[in-house]
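Okay, structure first, notes after.
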Amino acid sequence: METLEKPVQSNGKRRWSAEQKLEVIQEWRKGLPLEEVSRRHGVATSQLYKWKRDMERGLEERGEMVPRSQIAALQKRVEELEKALGRKALEVDVLKKAFELKGLKPPEATSGV
């Protein structure tokens with residue numbers, strides 16, 4: 001596993017960015033034991049539980065955390081785009097077959113597509 005960037009030291013306290021917190025929590029979610037994650041990053045297990053709880057609640061912490069309502073909307077948008085991409089891929093396949101049946105060469109793709 002790659003090493004995370006060290007948290008910023010300020011007034012004797014370490015300041016972890018939202019990205020750093022998320023990476024640490026993801027290690028835990030991927031199956032690494034909590035105690036090992038805690039030890040690797042020098043963070044108390046209680047702090048990890050707090051980070052996880054804050055992220056699950058989708059609380060905004062100085063604008064760093066994404067609210068759960070936005071996550072749901074973004075997930076829905078990703079699903080819509082995946083469906084649209086699937087439809088477009090199917091259209092391309094159908095057009096390629098049509099060109100093949102007609103004995104024509106499909107047009108070259110442009111660099112902007």
Practice task
Rounded to the nearest 0.05, what FRET efficiency do Leu34 and Arg77 give with R0 = 25 Å and r taken as the Cβ-Cβ distance? Could you check?
Solution key: 0.15
Exercise for the section: For the stretch 79-86, just list the computed ³J(HN,Hα) in residue order, Karplus coefficients 6.51, -1.76 and 1.60, θ = phi - 60°, integers in Hz, with x standing in for Gly and Pro. Expected result: 4, 4, 5, 5, 5, 4, 5, x
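Computed from the coordinates by the stated procedures, all read-outs in this text should not be read as laboratory data. Note that the structure is a prediction, hence the values are computed from the model and not measured. Heads up, the Cβs are rebuilt from the backbone with ideal geometry, glycines too, and the neighbour counts pull from every protein chain shown.
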